[in-house]
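**Student:** Got a structure here, written out as structure tokens. Questions coming.
Just so it is clear, none of the values below were taken in a lab; they were calculated from the coordinates. A quick note: this is a predicted structure, and the numbers were derived from the prediction, not measured. Virtual Cβ from ideal backbone geometry, glycine too; neighbours counted across all protein chains shown.
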Amino acid sequence: MMRRFAALLALMLTAGCAAEPVTAQATLDGQPPIVIAHRGASGERPEHTIAAYKLAIELGADYIEPDLVLTKDGTLVARHENEISETTDVANRPEFADRKTSKTIDGQKVTGWFTEDFTLAELKTLRARERLPKLRSTDYDGQYEIPTFEEILTFLAEANKGRERPVGVYPETKHPAYFASIGLPHEGPLLAMLDRFGYRGRAAPVFIQSFEVGNLKALRAKSDLPLIQLMDGEGGPADTPGTSYAAMAAPAGLTAIAAYADGIGPYKEMVIPRGALGRLGDPTNLVRDAHAAGLKVHPWTFRRENYFLPLGDKGGINPAGHGDLAAEIDAYLKTGIDGLFSDNPREAVAAAKTRAGG
Ligand code: G3P
Ligand code: CA
């Protein structure tokens, strides 16, 4: 907590402290902001399942977001992290009990079950479950498989048939330096799959995102697909020791990012920090500075539960209750952000349309 506060303080100082109160600012290209369904409509279905992506599209999301890790046999699958005990039933499967192990991933010791220790056929026997059972329904636990990236793109191509505005895909490479270090790099399978489905020919919109730097630069060398440099509110890229996200968010850092990427995906409090009581404060200059460098800004993650909302937008004291997500999103849209990640496209799409006057 203190580390995050210190990092945000550093960001505010390097970014020139708080800007003037905003009248609504424009997006970089003047187009309406996009709504990215974060891990699908993950506020209403278990994250990273075809059911979550399907609901996101039905609710009007512009993009669906799969986080990608690899199996032992080199297949890209959608999971937020390679350790899968929080989002699947693997811990209850006696046949996989001996796969439990400890590893160091990006400098952190992690204990559990890891996708890279399972073949795709083995992973397919698992079933997804809700990550946040204290805040969200578990009614859908046990129903859905872990989807491959190929299955997601197949599903999306079918869903886009006949649509005037195709829904895009916004894949994130998870732990790419770690996966490269064990002989399972993301870049080749990712680009091959996007090629196969026509994304280089712009079959539908796409952004590729990563918290790390090296894989984005490698992707830029091989492709002109739009790239997003993610930033957390603390620390720095796992593959670039000595570099902080706070420094990357300062004007010189943004200029450097613009040499290999098309936008940034910052932790949302880098755009609007919260005050001591958790109320939204004044925006920083990050959106203005990123736009000046020619970079789009897609902050994360907007969620409707009171647990996540700023003071002032909460709808009561029950952490699982729903508050005024639209109000939080509207404050961000006024800063000129070019899009946002939300677990709740139902509310996020409505908020974006309202601000656009639609
Ligand atoms: O990719 C944007 C946002 O999803 C980053 O956070 O940890 O949810 O992948 P995470
Ligand atoms: Ca993500």
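**Student:** What are the residues whose amide H is under 5 Å from the amide H of ILE228, where those residues sit 5 or more places off or on another chain and H is modelled from the backbone?
**Tutor:** ILE208, GLN209, SER210, ASP262
**Student:** Shifting gears a bit: How big is the gap, in Å, between the Cα center of the stretch 228-299 and the Cα center of the stretch 118-191?
**Tutor:** 26 Å
**Student:** Is the shape of the stretch 123-262 best called rounded, prolate or oblate, per the rule: a/c under 1.5 gives rounded, else a/b larger than b/c gives prolate, else oblate, with a ≥ b ≥ c the square roots of the Cα gyration tensor eigenvalues? Please report the intermediate quantities before stating the final value.
**Tutor:** Values: a/c = 1.76, a/b = 1.28, b/c = 1.38.
Here the stretch 123-262 falls in the oblate category.
**Student:** Right, here's the next one. Looking only at the stretch 170-213, which residues have a backbone nitrogen under 12 Å from a spot 7 Å from the Cα of ARG163 in the C-beta direction?
**Tutor:** Answer for the stretch 170-213: 170, 204-206.
**Student:** Hey, rough spin-label estimate for ASP106 and SER137, points 7 angstrom out along Cα→Cβ, what's it come to in nanometres?
**Tutor:** About 3.1 nm, to one decimal.
**Student:** Once fully extended, how much extra length lies between PHE155 and THR354, figured as 0.36 nm per residue of separation less the alpha-carbon to alpha-carbon distance? Display every interim value, and only then the final one.
**Tutor:** On the way: separation 199, 0.36 × 199 = 71.64 nm, distance 2.92 nm.
Residue separation times 0.36 nm, minus the Cα-Cα distance, leaves 68.7 nm.
**Student:** Taking R0 as 41 Å, what FRET efficiency do you get between ILE182 and THR23 from their Cβ-Cβ distance, rounded to the nearest 0.05?
**Tutor:** Details: r = 50 Å, r/R0 = 1.23.
With R0 = 41 Å, the Cβ-Cβ based efficiency is 0.25.
**Student:** If you don't mind, there's one more thing I want to ask. Please give the contour-minus-distance gain from LYS217 to ARG99: 0.36 nm per residue of separation, less the Cα-Cα distance, rounded to one decimal in nm. Provide the component values of the computation, followed by the final result.
**Tutor:** Details: separation 118, 0.36 × 118 = 42.48 nm, distance 3.39 nm.
Roughly 39.1 nm would be gained on extension.
**Student:** In a Gaussian network model over the chain where Cα atoms closer than 10 Å are linked, find which of ILE317, ILE105, ILE64 has the largest mean-square fluctuation.
**Tutor:** ILE317
**Student:** State, to one decimal in nm, how far the label point of ASN92 lies from the label point of GLU58, with both points 7 Å from Cα in the Cβ direction.
**Tutor:** 2.4 nm
**Student:** Oh, and also: Using amide H atoms built 1.01 Å from N in the peptide plane, name the residues 5+ places from LYS296, or on other chains, whose amide H lies under 5 Å from its own.
**Tutor:** GLY263, ILE264
**Student:** With θ taken as phi - 60° and the coefficients 6.51, -1.76 and 1.60, list the Karplus ³J(HN,Hα) couplings across the stretch 304-312 in order, rounded to whole Hz; mark glycine and proline as x.
**Tutor:** 7, 6, 3, 3, 9, 7, x, 4, x
**Student:** Also, quick follow-up: Quick one: P(r) of the chain from all Cα-Cα pairs, 20 Å bins, percents rounded to integers, in order of increasing distance.
**Tutor:** That works out to 30, 62, 8, in percent per bin.
**Student:** Once phi is turned into ³J(HN,Hα) by the Karplus curve 6.51 cos²θ - 1.76 cosθ + 1.60 with θ = phi - 60°, what whole-Hz value does each residue of the stretch 38-45 show in order, with x for glycine and proline?
**Tutor:** Computed from phi, the couplings for the stretch 38-45 are 6, 6, x, 7, 6, x, 10, 9 Hz.
**Student:** Which peptide among 131-138, 73-80, 152-159 comes first, and what is the full order, when sorted by highest mean count of other Cβ atoms within 10 Å?
**Tutor:** Numbers: 131-138: 14.8, 73-80: 21.1, 152-159: 17.8.
Order by mean packing, descending: 73-80, 152-159, 131-138.
**Student:** Further question: In which sequence would ASP343, ASP98 go, from the one with the fewest C-beta neighbours within 10 Å to the one with the most? Kindly include the intermediate steps, with their values, before the conclusion.
**Tutor:** Values: ASP343 28, ASP98 7.
The most exposed by this proxy come first: ASP98, ASP343.
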